[in-house]
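Asks: Input: one structure, supplied below.
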Amino acid sequence: MAVCVEKLPHSCGTRDGLQVFEEEGKYTGYCFSCDTYIRNPYEDKPEDYKPNVIIKSEKDVEKEIEAISDYTTTDLPERGLRKDSLEYFNIKIGLSEEDGETPVTHYYPYYDPSEKLTGYKVRLIEGKKMWVVGSIKDSKPFGWKQAVTAGGKKLFICEGEMDAVALYQICKDFNAGTRYEKFDPAIISVKNGASSATKDLTDNLNEIRKIWDEIVLVFDQDDAGKSAVEKVLRVIPDAKVATLPGKDVNDCLLKGRSRAVYQAVQFNASKPKNTRLVNASTLFQDAKKAPEWGVPWPWKHITETTRGIRKGETIYIGAGQKMGKSEVVNALAAHFITELDWKVMLAKPEEANVKTVKLVAGKIAGKSFHDPKVEFDEKAYDEAVEKIGSNLLLINLYQHLGWDTLQADIREAAQEGCDAIFIDPITNLVNGMSASDQNTKLQEIAQELSAMALDLDVVIFIFCHLRNPDSGDPHDRGGEVLSSQFAGSRAMARSCNLMLGIEGNKDPELSVEERNIRTLVLLEDREYGEVGRFKLYWDRHTTLFNEC
């Protein structure tokens, strides 16, 4: 999107009517006094000329927004849009200063969640430049205010403001004379085209789900639009998709295909098939690529056996009560952040977020920041959290975690750039259920997490408490960990790519060193069929797990 960097005089006589726009390092201009597009506004300037960038105060911006709000609204013949359709969305039109009639600019209003007008997106008709007056960063999608009050249970989502207006006009025209005539369709547009679609909708998904039962994507039919549809369906898998009879809604309106658009969005929108037949011959070239290692674990021998950690997979890790499961979580999170520069999300409902920060920072610094017996090293802590930066996301709750909300949290985290997701423990999701209901629900969750890892291109770590052994020593006295002791074990073994257990012996008769030894046991490996045992030593001075 272009940015207005300065206002200049122009040969038409104006003192500041020529506005200069910068986009991707290139400058163009438009004189609002004589309605002239200027390809190179600096052709008469020295090569080293630097624009006198406009810095507007908050009051200046408010006055500019107020002034735009007083602009008129007119028909847009070149878009085939009527005044009443534009007025419904409170769109303003900037007219030529020369004749006072010719539309020069469009102004699309954006509102924050409290319905306060925070800014206008501006489109210059000639040259097709766009910029923002005020701010739309924290605003709702275009048309949200009208869609919420429209009623109805179907929401149409377009890729651009003009498409939203065109779709509104088409729906109103074809509903005229029917029992739906008095009803307005609920139509919104994402803020910045296809590139912003997933984030815009993720940010508002909870509200969308509460208000509307059916979601229809009405995106452009070009490659960018189709790619955006695929990404949005990862976030809203039950959304329907409308196939348009032209490039976009506004294009169809101009070409007389309004009826076909109405049929496409109202009656023919459908959910894309989740599976497709693929001819193997189309995969030969991709399959010719030599296999690659995944990213390393913090421990060399586990990396060698599993061939590393790969995105798109789920990894299930189980341990008895207080056997160091959370220490493994924190060690992996710290490793990903510092060694791979990954962003990670931790869902740890049994642990306060402040403590989680202390524990992950401790793994990075090799120090304890949560034990009052250990002197707090403020310098080491500051250095550790500086390394964490913005690469650690936590869920703002304690002791309450629901699967429905967690799904949305995971999708939002992936959209925010997370590469690894940790759920510790997953059994918190089924608290209060009977044993049989727990297994059924965990089977469902395991399958969905496996699909989400692949769709979102993340690795998901699932941690759980183990059931007590049927015979022999308990887990905290060195009892062997078996796949059958995992919650939802059979389904998890089928759905997860790796299954590991944590063994150890906390018998107080043993030495401290012996009590701090843990064995990671590779129980299931769907990719390579490997098994193995890997001894780790937990150093209480550094809080780190080291390979024995």
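Asks: Check cross-link reach from K50 to the lysines: straight Cα distance under 20 Å, and skip same-chain residues fewer than eight apart.
Replies: K7, K26
Asks: Now for a separate question. Just for the Cα atoms in the chain, what are the lengths along the principal axes, largest first, rounded to whole Å?
Replies: The Cα atoms of the chain stretch 95, 59, 49 Å along the principal axes, largest first.
Asks: At what distance in angstrom do the alpha carbon centres of segment 306-339 and segment 371-398 lie from each other?
Replies: Cα centroid of segment 306-339 versus Cα centroid of segment 371-398: 19 Å apart.
Asks: Hey, what did the chain get for relative contact order, percent, Cα under 8 Å, at least 6 apart? Numbers along the way, then the final one.
Replies: Values: 1004 pairs, mean separation 51.5, N = 548.
So the answer I get is 9 percent.
Asks: No solvent, one uniform scatterer per C-alpha: report log10 I(q)/I(0) for segment 144-266 via the Debye equation at q = 0.10, 0.14 1/Å, two decimals.
Replies: Rounded to two decimals, the profile gives -0.27, -0.54.
Asks: On a 0 to 90 degree scale, rounded to 10, what angle separates helix 403-415 from the longest Cα axis of the chain?
Replies: 70 degrees
Asks: Quick check for you: which residues of segment 254-272 have the amide N under 12 Å from the point 7 Å beyond the Cα of F174 toward its beta carbon?
Replies: 257-269, by backbone N distance to the label point.
Asks: So, one more: In which sequence would H106, H541, H301 go, from the one with the fewest C-beta neighbours within 10 Å to the one with the most? Spell out each step's value before the answer.
Replies: Values: H106 24, H541 9, H301 16.
Ranked by crowding around the Cβ, least crowded first: H541, H301, H106.
Asks: Right, another one. Report Rg/Rh for segment 445-539, rounded to two decimals, where Rg is the Cα radius of gyration and Rh the Kirkwood radius. Walk me through the numbers on the way to the answer.
Replies: On the way: Rg = 15.1 Å, Rh = 14.7 Å.
Rg/Rh: 1.03.
Asks: Right, here's the next one. Which order results if F219, F183 are arranged by neighbouring Cβ count within 10 Å, fewest first?
Replies: Values: F219 26, F183 14.
Least to most surrounded, the residues fall as F183, F219.
Asks: For segment 13-109, which GluC sites (Glu not before Pro) pass both filters: DSSP loop (anything but H, G, I, E, B) and at most 12 other C-beta atoms within 10 Å?
Replies: Values: sites: E22, E23, E24, E43, E47, E58, E62, E64, E66, E78, E87, E97, E98, E101; in loops: E24, E43, E47, E97, E98, E101.
Here the sparse-neighbourhood loop sites are E24, E43, E47, E101.
Asks: So if R0 is 22 Å, what FRET efficiency would S471 and V531 give, r being the distance between their Cβ atoms, rounded to the nearest 0.05? Kindly include the intermediate steps, with their values, before the conclusion.
Replies: On the way: r = 22 Å, r/R0 = 0.99.
Efficiency computed from Cβ-Cβ geometry: 0.50.
Asks: Once a ≥ b ≥ c are taken as the square roots of the eigenvalues of the Cα gyration tensor of segment 261-337, is the result rounded (a/c under 1.5), prolate (a/b larger than b/c) or oblate (a/b not larger than b/c)?
Replies: Details: a/c = 3.57, a/b = 1.71, b/c = 2.08.
Oblate, because a/c is 1.5 or more while a/b does not exceed b/c.
Asks: By how many nm would the segment from T72 to D382 grow when fully extended, if each residue of separation counts as 0.36 nm and the alpha-carbon distance is taken off?
Replies: On the way: separation 310, 0.36 × 310 = 111.60 nm, distance 5.50 nm.
Here the answer is 106.1 nm.
Asks: Follow-up. What shape does segment 379-506 take by its C-alpha gyration tensor, where a ≥ b ≥ c are the square roots of the eigenvalues and a/c under 1.5 counts as rounded, a/b above b/c as prolate, and the rest as oblate? Before the final figure, lay out each step's value.
Replies: On the way: a/c = 1.97, a/b = 1.33, b/c = 1.48.
Because a/c hits 1.5 or more and a/b fails to exceed b/c, segment 379-506 counts as oblate.
Asks: Tell me the relative contact order for segment 22-120 as a rounded percent, counting alpha carbon contacts under 8 Å between residues six or more apart.
Replies: On the way: 102 pairs, mean separation 19.3, N = 99.
Relative contact order of segment 22-120: 19 percent.
Asks: Do any cysteines of the chain lack a neighbour Cys whose Cβ is under 4.7 Å away, and which are they?
Replies: C4, C31, C158, C171, C252, C418, C464, C496, C548
Asks: Would you kindly calculate the mean projected area, averaged across all directions, of the convex hull enclosing the Cα atoms of segment 300-547, in square nanometres? Intermediate values should be presented prior to the final figure.
Replies: Working: hull surface 52.5 nm².
Projected area, direction-averaged: 13.1 nm².
Asks: I've got another one for you. So how many Lys-Lys pairs in segment 161-232 land under 28 Å Cα to Cα, not counting same-chain pairs under 8 apart?
Replies: Lysine pairs, 8 or more places apart or on different chains, close enough: 15.
Asks: So what is the relative contact order of segment 422-464, in percent, for Cα pairs below 8 Å that sit 6 or more residues apart?
Replies: On the way: 25 pairs, mean separation 30.1, N = 43.
In percent, rounded to a whole number, it is 70.
Asks: Just rank I337, I157, fewest to most, by other beta-carbon atoms within 10 angstrom.
Replies: Ranking I337, I157 by Cβ neighbours within 10 Å, fewest first, gives I337, I157.
Any read-out appearing in this document is the output of simple, stated calculations on the displayed coordinates, not a laboratory observation. A quick note: this is a predicted structure, and the numbers were derived from the prediction, not measured. Don't worry about glycine lacking a Cβ; one is built from the backbone with ideal geometry, like all the others, and counts go over all protein chains shown.
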